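**Student:** There's a structure below that I have some questions on.
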Amino acid sequence: MTADAQGGVTVFNIGMRINNFRAVRSWWPVFRAMPQMLKELSKDPEIGLLGYELLLGAPRVLYIVQYWESSEKLLAYASAQGKEHRPAWAAFNRRMREGKGKVGFWHETYVVPAGGHEQVYVNMPEFGLGKAVGVVPVGRRGEGAADRLKAA
C-alpha cells in the first residue's frame, strides 16, 4: 500500500527531551500542552492538520510527526489568536527560562512538493502519511519508488 496523497504536504516534527526526570514541574506542563492542541486540531479539519503520529525515543524523548495541508495553514494556526498554541507557547517560553535546561524542545518543518514524497506500507496498519490521507494499492501510484515519486 501507499499513501493516497495528492500534491504536496508539509511535515512538522515537534518534540521534547526530558533532561532531568526529577524536575517534573519543568517538563510536565510541556508534556500536557500538546494533547490539548492535537484535540483542537483534530476537531476542525479546516485548520489544516491532516493527521499525526506520536513517537517515543525512550527513555527521554517524545515527539510527534504532523502532516499538514500546507505551510501556510501550519503558520496560521501557530499565530492564531484564540487557539491553544499561542498561550501554550508563551507559557512554555516562561518555563524554559525558569527551568535552566531541565527540559529540551525542538521542531522541524519540511515543505514537500508534489512529486517529492513516496511511501510504502507492507504488513502495516495505516500509519504516518497513509493514516493521515488514506492508502491505495501501490500499483495505483506506480510499482517502483521512482514511479511513485513522479506521480505524487
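The values are calculated or read from the model by the stated rules, or taken from the named source; none is laboratory data. Bear in mind the structure is a predicted one, so any value in this text is a computation, not a measurement. Neighbour counts run over all protein chains shown; Cβ positions are idealised from the backbone, glycine included. SASA here: full protein model, heavy atoms, side chains in, ligands and nucleic acids out. Shrake-Rupley method; radii C 1.70, N 1.55, O 1.52, S 1.80 Å.
**Student:** Against the conditions (1) closer than 24 Å to Ala114 by Cα; (2) under 12 Å from the mean Cα position of the chain (by Cα), where does Met37 fall short? Just the number, please.
**Tutor:** (1)
**Student:** Let me ask something else about it. Under 6 Å between Cβ atoms, at least 6 apart or on separate chains: pull out the pairs that start in segment 54-75 with a residue that is in a helix (DSSP H, G or I) and end on any residue that is modelled with pLDDT of 95 or more and open to solvent by less than 40 Å² (accessible area, probe 1.4 Å).
**Tutor:** Note: pairs meeting the criteria are Ser71/Thr10; Lys73/Gly48; Leu74/Thr10; Leu74/Phe12; Leu74/Trp68.
**Student:** Consider Trp89 against the criteria (1) open to solvent by less than 80 Å² (accessible area, probe 1.4 Å); (2) closer than 30 Å to Arg22 by Cβ; (3) more than 15 Å from the chain's Cα centre (by Cα): it satisfies all of them except one. Which criterion is unmet?
**Tutor:** For Trp89, the exception is condition (1).
**Student:** Output the residues belonging to segment 94-148 that are part of a helix (DSSP H, G or I), surrounded by 15 or more Cβ atoms within 10 Å (Cβ to Cβ) and either in contact (Cβ under 8 Å) with a residue 12 or more places away in the chain or among the aromatic types (Phe, Trp, Tyr) (or both).
**Tutor:** Of everything in segment 94-148, those that are part of a helix (DSSP H, G or I), surrounded by 15 or more Cβ atoms within 10 Å (Cβ to Cβ) and either in contact (Cβ under 8 Å) with a residue 12 or more places away in the chain or among the aromatic types (Phe, Trp, Tyr) (or both) turn out to be Arg95, Gly99, Gly128, Leu129, Gly130, Lys131, Ala132, Val133, Val138, Arg141, Arg148.
**Student:** Here is a further query. Given the residues Glu72, Glu84, Glu108, which is the only one that is acidic (Asp, Glu) and in contact with a helix residue (DSSP H, G or I) (Cβ under 6 Å, 6 or more places away or on another chain)?
**Tutor:** Criteria check complete, one pass: Glu84.
**Student:** When only residues in segment 59-86 that are closer than 30 Å to Gly134 by Cα and polar (S, T, N, Q) count, which is surrounded by the most Cβ atoms within 10 Å (Cβ to Cβ)?
**Tutor:** Gln66
**Student:** Looking only at segment 90-118, how many residues end up being in contact with a Phe, Trp or Tyr (Cβ under 9 Å, 6 or more places away or on another chain) and polar (S, T, N, Q)?
**Tutor:** Count: 1.
**Student:** If you scan segment 76-93, which residues turn out to be assigned to a helix (DSSP H, G or I) and either touching a residue at least 24 places away in the same chain (Cβ under 8 Å) or hydroxyl-bearing (Ser, Thr, Tyr) (or both)? Even if it seems obvious, please write down each step before you answer.
**Tutor:** Filtering segment 76-93 down to residues assigned to a helix (DSSP H, G or I) leaves 76-79, 85-93.
The answer is Ala76, Tyr77, Ser79, His85, Ala88, Ala91, Phe92.
**Student:** Check whether at least one residue in segment 21-44 is of a type in the set (Ser, Thr, Tyr), under 22 Å from Gly134 (Cβ atoms) and in contact (Cβ under 8 Å) with a residue 40 or more places away in the chain, and report yes or no.
**Tutor:** No, segment 21-44 has no match at all.
**Student:** In segment 126-136, is there at least one residue being touching a strand residue (DSSP E or B) at 6+ places or on another chain (Cβ under 8 Å) and modelled with pLDDT under 85?
**Tutor:** Looking through segment 126-136, none of the residues is touching a strand residue (DSSP E or B) at 6+ places or on another chain (Cβ under 8 Å) and modelled with pLDDT under 85.
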